[in-house]
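Any read-out appearing in this document is the output of simple, stated calculations on the displayed coordinates, not a laboratory observation. Since this is a predicted model, take the numbers as computed values, not measurements. Cβ: placed from backbone, ideal geometry, glycine included. Neighbour counts: every protein chain shown.
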Amino acid sequence: MQISRRDVLIHVGLFVAACITTSISGGLAFGATLMAILTCHEFGHYFVARRHGVEVSLPYFIPLPPFVSLGTLGAVIRMDKPISDRRALFDVGAAGPIAGLVVAIPLLVVGLWLSPVGPSPADGSIEGNSILYALLKYAVHGQWLPNSSVDVQLHPMAMAAWVGLLITMINLMPIGQLDGGHIARAALGQSHEKWSARLHSALPIVAAMVGGAMFIAAKHHGYSNFAALDYAKAGIIPWLVWTLMLAILRGRAGEYHPAVGDIPLDRTRRWLAIGMLLVYLLIATPVPFRPVL
């Protein structure tokens, strides 16, 4: 795919705009950290795709108004046609999350080191824990957080790196044409279509389970039924949004993922596919944000 001077100006302009909007949204440290993670993620896809001879565009970053968002909706890369070679599909799908995490995890550790531990505001919100995030907080601060009295008060760098983990977690869902869907399609072949449908149908069930657990927790804290439901919606809405997002992506193509070839992955890539699933489980965040109980 030939890249003209006009195309370069568009890509650079969108990148600069996203840098500005993310910095306005959360400060310079936040914007620089988040954009570093997103840039490495997208160029991980780009360089591996080019190595396999796949025609791809440079990343198109998507700036958003900072007062209604984090300042960006991420980035996309355009391909002229789907990747049918399962080895190439696996490599391209896995390269982005790996490259992003290589940057996000060290930046998160530094950001946590810069973040004090103290009481959370009564009317504030708490970012969700994943297994990896909880372990990193313990490694830096020597205690499991949040606990009954305190939590880490995130430095903008830590907040942006946490957002980077959340974005990677969403991308690694093994459904449809998300990065995790590319990996799963490469590993499972055509049977991935029915597994995508099953996992997609399971997302509202996960929403109900997470919401139910949060409702019970709120009731134990003395909340009324209405207040407990209001608290529980923080665990329900994200899963329903992801369900809708995948439905929209499927609706445009009429299928979860384009067909791939019949040649299976080699043994090394099959083990790496299992490893990527474990990474997803380590960074999975059932409740991205919730009010302080």
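Output the residues belonging to segment 59-73 that are farther than 15 Å from V8 by Cα and either among the aromatic types (F, W, Y) or surrounded by 19 or more Cβ atoms within 10 Å (Cβ to Cβ) (or both).
Selection gives P63, F67, L70, G71, T72.
Yes/no matrix, rows are residues, columns are (1) within 17 Å of the chain's Cα centre (by Cα); (2) within 29 Å of I131 (Cα to Cα); (3) surrounded by fewer than 16 Cβ atoms within 10 Å (Cβ to Cβ):
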{"residue": "A247", "(1), (2), (3)": "no, yes, yes"}
{"residue": "R250", "(1), (2), (3)": "no, no, no"}
{"residue": "E255", "(1), (2), (3)": "no, no, yes"}
{"residue": "V260", "(1), (2), (3)": "no, no, no"}
{"residue": "I263", "(1), (2), (3)": "no, no, yes"}
{"residue": "L272", "(1), (2), (3)": "no, yes, no"}
{"residue": "T285", "(1), (2), (3)": "yes, yes, no"}
{"residue": "F289", "(1), (2), (3)": "yes, yes, yes"}
{"residue": "V292", "(1), (2), (3)": "no, yes, yes"}
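For segment 110-128, name all the residues that are closer than 30 Å to F43 by Cα, crowded, with 17+ Cβ neighbours inside 10 Å and of a type outside the set (D, E).
Matches in segment 110-128: G111, L112, S115, G128.
Sort out for me the helices (runs of 4 or more DSSP H) sitting completely within segment 155-256 that have 2 or more residues that are under 30 Å from H141 (Cα atoms).
In segment 155-256, the matching helices (runs of 4 or more DSSP H) lie at 156-171, 192-220, 225-253.
Can you pull out the residues in segment 239-275 that are over 20 Å from A213 (Cα atoms), aliphatic (A, V, I, L, M) and in contact (Cβ under 8 Å) with a residue 12 or more places away in the chain?
First, the residues of segment 239-275 that are over 20 Å from A213 (Cα atoms): 244-275.
Next cut, aliphatic (A, V, I, L, M) only: 244-249, 253, 259-260, 263, 265, 272-274.
Passing the criteria: L246, A247, L249, A253, A259, V260, I263, L265, L272, A273.
In segment 186-204, what count of residues is obtained for those that are more than 12 Å from A247 (Cα to Cα) and in contact with a His (Cβ under 8 Å, 6 or more places away or on another chain)?
Residues flagged as more than 12 Å from A247 (Cα to Cα) and in contact with a His (Cβ under 8 Å, 6 or more places away or on another chain) within segment 186-204 amount to 2.
Can you say whether L278 is among the aliphatic types (A, V, I, L, M), without any contact (Cβ under 8 Å) to a residue 12 or more places away in the chain, more than 19 Å from N129 (Cα to Cα) and outside any strand (DSSP E or B), as far as the supplied structure shows?
Taking the combined requirement at face value, the residue does not satisfy it.
Scan S149, S115, S84, S120 and give me the residue that is farther than 30 Å from R290 by Cβ and not in a helix (DSSP H, G or I).
Working: S149 fails: farther than 30 Å from R290 by Cβ; S115 fails: farther than 30 Å from R290 by Cβ; S120 fails: farther than 30 Å from R290 by Cβ.
Exactly one of S149, S115, S84, S120 is farther than 30 Å from R290 by Cβ and not in a helix (DSSP H, G or I), namely S84.
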